[in-house]
Every structure is written in structure tokens, then in C-alpha cells.
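What follows is one structure encoded as C-alpha cells, with my remarks underneath.
What follows is calculated from the coordinates using simple rules that are stated; it is not laboratory data. As the structure is a prediction and not an experimental result, all values here were calculated from the model. Neighbour counts run over all protein chains shown; Cβ positions are idealised from the backbone, glycine included.
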Amino acid sequence: MMKIKLFSFLLLLLFVGTLSAQTTQEKREKRKNLTIKEWNTNATTKTKFLDHITKYNDKGLKVEEIEYANYGQKSRVTYEYNENGKCVKEVEYDAKNKPVRIRKFEYYPDGSKKKQYNYSPTGKLETIKEFEYLFSN
């Protein structure tokens, strides 16, 4: 009985994973070489200002996000990916475009996140975050 439940669960995971991959691929197709600009308008003055820019590459993967404030760029984040389309590096920049945080990621064979390495702007390893996935019955 336990083997049947386990087998059924594995088949369900495989099916859901296939659907999820198709959905992800479809989303990526729509985002190829896309830039999204988000604008805000002050309700009182009717002044329009840039709030956020998100850029995607020719594979539909997010490669940059820029957040703006009334004084200009507030922050910027860049993303790098491996051959499987998983984010392996993320660099966060401040308003002066100087790195403030670097994150690198490691994944399990199934694609779920395994570890996140957090570095200082100088490249010194500060912390390591490990991900644990627990399924309850």
C-alpha cells in the first residue's frame, strides 16, 4: 500500500512539474527581449514619474530590475543564469550604482534551491543559507 502511495505521489509530481515547465516556458517566450516600464502619477500635481524598469533577455529571463525614487535611481539588481535557466548570481546596487550585496545560488538536481551564498561587495563570503523542503501528510 505504501509503495502505491509513493508511486502515485511521484507520478503526480512528474505531471505537475511538466505543467509547470510548460507554463514557465510559455511565460519566457512572451518576455523575450522585453523591457517593462512602470510609471506613477502624483494624484495632486498630475506629475508622471518613472517607478520601476524590468528587463528580460533573448531567452525571456529577467536580467535587470531598476527601482526609482523622486531623486533618481534608488536601487538596481542584475541577474545571471546557468544553462538550465536557473539564477546563479544576483548583484544588488545602491543609488550610486555601487554593489551592496552579492548572492550566488546552488540547486538540487530537481531544480529547487539548495543554498544561497551571501557576499559583501568586496567578495567576502558572509553567510550561507540552506533550503530544506519538508512535506507534511
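Observations on the structure shown:
- Phi to ³J(HN,Hα) by Karplus 6.51 cos²θ - 1.76 cosθ + 1.60 over the stretch 104-115, Hz, x for Gly, Pro: 10, 10, 10, 10, 6, x, 7, x, 7, 5, 9, 9
- Length released on extending from Ser120 to Ile53, taking residue separation times 0.36 nm less the Cα-Cα span: 21.6 nm
- Karplus 3J(HN,Hα) series, Hz, for the stretch 123-133 with 6.51 cos²θ - 1.76 cosθ + 1.60 (x for Gly, Pro): x, 7, 5, 9, 8, 10, 9, 10, 9, 10, 10
- Links that overshoot a 23 Å alpha carbon limit, given the list Lys89/Lys124; Lys37/Lys96; Lys32/Lys124; Lys27/Lys86; Lys62/Lys98: Lys32/Lys124
- Counting Lys and Arg as +1 and Asp and Glu as -1 over every other residue whose Cβ lies under 12 Å from the Cβ of Thr78, the net charge comes to +1.
- Relative to one another, the C-alpha centroids of the stretch 119-137 and the stretch 59-74 are positioned 24 Å apart.
- Most to least packed among 129-135, 90-96 [average Cβ atoms within 10 Å]: 90-96, 129-135
- Extension reserve of the Asn84-Asn70 stretch, reckoned as 0.36 nm per residue once the Cα distance is removed: 1.3 nm
- Counted by Cβ distance under 13 Å from Glu132, the other residues give a net charge of +3, where Lys and Arg count +1 and Asp and Glu count -1.
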